[in-house]
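The values are calculated or read from the model by the stated rules, or taken from the named source; none is laboratory data. Nothing here was measured: the structure is a model prediction, and the numbers come from that model. Virtual Cβ from ideal backbone geometry, glycine too; neighbours counted across all protein chains shown.
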Amino acid sequence: MSDLWRQLDHSRAMDGRYTRIISDRPHLAGLLTGLRDNHRAHAAELATAIAAEIRDDSDAVVVAGLLREETAGAAEAVGACMSAEPRHAALFGSIAAALATHRAVLEDLP
């Protein structure tokens, strides 16, 4: 995963966290909204940079990148499933199974 993707994932995750906290604790909105909006702006800029990078890659390079990420995600989900609280184990197992299916689809592409 490139640095662009890692930073995009982080920016989107932080946007979501701030949004949930602002929703749950409106009294913090004045303090947190600007920080959240900064993550949103970074995510938009990163997405634009990634789109330009992907346009320059061949289909094989793009699919290979997706395959690597699906494989890594499945491995992380399996690890999370093995160490999860029982109430979350089925969720992580389901995610691992879905990502393994995604990998199978990508491997079958020409």
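Some values worked out for this structure:
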quantity: Residue that is in contact with an Asp or Glu (Cβ under 8 Å, 6 or more places away or on another chain) and part of a helix (DSSP H, G or I), where the choices are Leu32, Leu46, Leu91, Leu99; calculated: Leu99
quantity: Selection status of Asp9, acidic (Asp, Glu), surrounded by 11 or more Cβ atoms within 10 Å (Cβ to Cβ) and either farther than 24 Å from Ala98 by Cα or at pLDDT below 95 (or both); calculated: yes
quantity: Filtered residue count, segment 31-47, keeping only those that are in contact (Cβ under 8 Å) with a residue 12 or more places away in the chain and either exposed (fewer than 11 other Cβ atoms within 10 Å of the Cβ) or closer than 24 Å to Thr71 by Cβ (or both); calculated: 2
quantity: Criterion (within 16 Å of the chain's Cα centre (by Cα) and part of a helix (DSSP H, G or I)) met by exactly one of Glu53, Glu69; calculated: Glu69
quantity: Cross-chain or 6+ apart pairs with Cβ under 7 Å, segment 84-110 first and closer than 19 Å to Leu67 by Cα and in the same structural domain as Ala64 (by TED's automatic domain parsing), then in a helix (DSSP H, G or I) and charged (D, E, K, R); calculated: Leu99/Glu70; His102/Glu70; Arg103/Glu70; Leu106/Glu70
quantity: Criterion violated by Glu107 - all others in (1) surrounded by 13 or more Cβ atoms within 10 Å (Cβ to Cβ); (2) farther than 26 Å from Arg17 by Cβ satisfied; calculated: (1)
quantity: The one condition in (1) surrounded by 12 or more Cβ atoms within 10 Å (Cβ to Cβ); (2) farther than 27 Å from Arg20 by Cα that Asp56 fails to fulfil; calculated: (1)
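To keep it simple, each residue is scored yes or no on (1) surrounded by 12 or more Cβ atoms within 10 Å (Cβ to Cβ); (2) under 30 Å from Ala97 (Cβ atoms); (3) at pLDDT 95 or above.
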{"position": "Arg17", "(1), (2), (3)": "yes, yes, yes"}
{"position": "Ala29", "(1), (2), (3)": "yes, no, yes"}
{"position": "Ala49", "(1), (2), (3)": "yes, no, no"}
{"position": "Val63", "(1), (2), (3)": "yes, yes, no"}
{"position": "Leu66", "(1), (2), (3)": "yes, yes, no"}
